[in-house]
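Structure record follows, encoded as structure tokens.
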Amino acid sequence: MATPVIYLGRLLTRGLYRAAAARWFTAETSLGRQPPAGTRPSGADLREFLKDTLLFSPLPEADLGRVAEAMNYVRVRPGTLIIRENDLGESLFVILGGKVEVLKENEAGEPHCVASLGRGDVFGEIALLDQVPWTSSMRALETTDLLTLSKADFDRVLVAALGAGRIKSAVQVCACLKRNPLFADWLNYLTKKKISCLPQAL
């Protein structure tokens, strides 16, 4: 008789902890407490880097400058959990250098890798646009340099310049191209030719 009660108690405790952790003890928050490492690129270097990313390339020079200025820089060690599935998202992330794995929990709550991301890839924008928890976890596979943009700056600069609908469409199109081996090289071509995945405004 005691066993089911203990089991239910453990489930309840785990559920309460996860609900509290998703709001107050996020993996994302711990990044801000890490000691500084690496050197933040100059504003000009950041602008040039952002020009070569599919999400930011349509921005005018002035908006690119504002985004670059608002971004924080952080270097994380291999194995660092950057964001945790079901946490509430507070930032957009851009990989400046390094590699990150995308983890999804199975039915037993164990994470498994479903994809990997590298330089120029962006994650976190959908959680900010829809104000929903992270749908996956992200963990550094190697020493990784990240640029982060807070939700307030994301709304002030990026959403104001491009619109939420265009950002969401770009993310979906780019993700589709990246998943399909037939179109795997298209993203590199689009980036080199400065062609955006973003639909043009009518």
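Just so you know, all these numbers are worked out from the coordinates, no wet-lab data involved. Please read these numbers as outputs of a predicted model, since none were measured by experiment. Note: ideal-geometry Cβ built from the backbone for every residue, glycine included; neighbour counts use all protein chains shown.
From least to most packed, judged by other beta carbons within 10 angstrom and beginning with the fewest, S116, S137 follow the order S116, S137.
Sorted fewest first by neighbouring Cβ atoms within 10 angstrom, F93, F123, F49 come out as F49, F123, F93. Mean projection of the Cα convex hull over all viewing directions, computed for the range 53-109: 5.5 nm². Taking 0.36 nm per residue of separation and subtracting the current Cα-Cα distance, fully stretching the chain between L141 and K104 would add 11.8 nm.
Model label points for A62 and R40, set 7 angstrom from Cα along the Cα-to-Cβ axis, are 2.4 nm apart. Applying the Karplus relation 6.51 cos²θ - 1.76 cosθ + 1.60 with θ = phi - 60° to the range 52-66 yields 3J(HN,Hα) values of 8, 9, 5, 6, 9, 4, x, 5, x, 3, 5, 5, 4, x, 5 Hz, where x marks Gly and Pro.
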